[in-house]
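What follows is a short report on a single structure.
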Amino acid sequence: MFPRTFRATSTVVSFWVAVGFATVLVGDAVLRGAWSTVVAYLPPVLLVLWVLWLLLWRTSVRAQPDRVIVTNLVRIHDVPWDRVAEVRQRGQVTLELDDSRQLLCWGGPFPAKPGVPRVNRRRPAETFAATLDHYRRSAPRSDEPVRRRWDLVAIVPGVVLVLAVIAQLIFW
């Protein structure tokens, strides 16, 4: 099996629509040569895009042959498949770990709404949960622990942007 990253399609589309809107907002000021507007808009616009990036793009589930890597906002959970007891689907996929903890996967596809026709006839969340369960059942044995860590790649730019917006509010 090969590594595969899952994200909800609607959140990816929403993120890129927001990026397009921000590009038009700031790009218009650049094209008009209104540099004071660019300086005024850029930090808050980038901060909003960073928040949207965290919520809509960064959150994901990466299935690998030996483990699943769940990225929820600013936390990364590295879980060997041998530690996953069950994969359940409700509003979102939940991994039931062997120590009775539950790990909610924020970045996975959402379940289909009842009565809404689908183009591909498969319900993406069911396919997602079944795919994760297939990875789990075919994974090699491992006694590695579950690793949880802060996502510094996501946190550092946010801190810089928050400081830039605060500085702009104080000194502008």
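FYI, it's all coordinate maths here, none of it is from the lab. Fair warning: this is a prediction, and the values are worked out from it, not measured in the lab. Neighbour counts are summed over all protein chains in view; Cβ atoms, including those assigned to glycine, are modelled from backbone coordinates with ideal geometry.
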(message) Would you report the distance distribution of C-alpha pairs in the chain as whole percents per 10 angstrom bin, up to the bin with the largest distance?
(response) 9, 30, 28, 18, 12, 3, 0
(message) For a quick check of your reading of the filter: which trypsin sites (Lys or Arg not before Pro) in the range 3-55 sit in a DSSP loop and have no more than 14 other Cβ atoms within 10 Å?
(response) none
(request) Would you pull out the residues with amide H under 5 Å of Thr59's amide H, same chain only if 5 or more places away, H placed 1.01 Å from N? (result) Leu73
(message) Given an 8 Å cut-off on Cα distances and at least 6 residues of separation, report the relative contact order of the chain as a percent.
(response) 25 percent
(request) Just grab the label-to-label distance for Val12 and Leu169, each label 7 Å out from Cα along the Cβ direction, in nm (one decimal). (result) 3.5 nm
(request) Quickly work out the Glu96-to-Val159 label distance, labels modelled 7 Å from Cα along the C-beta direction, and quote it in nm with one decimal. (result) 3.9 nm
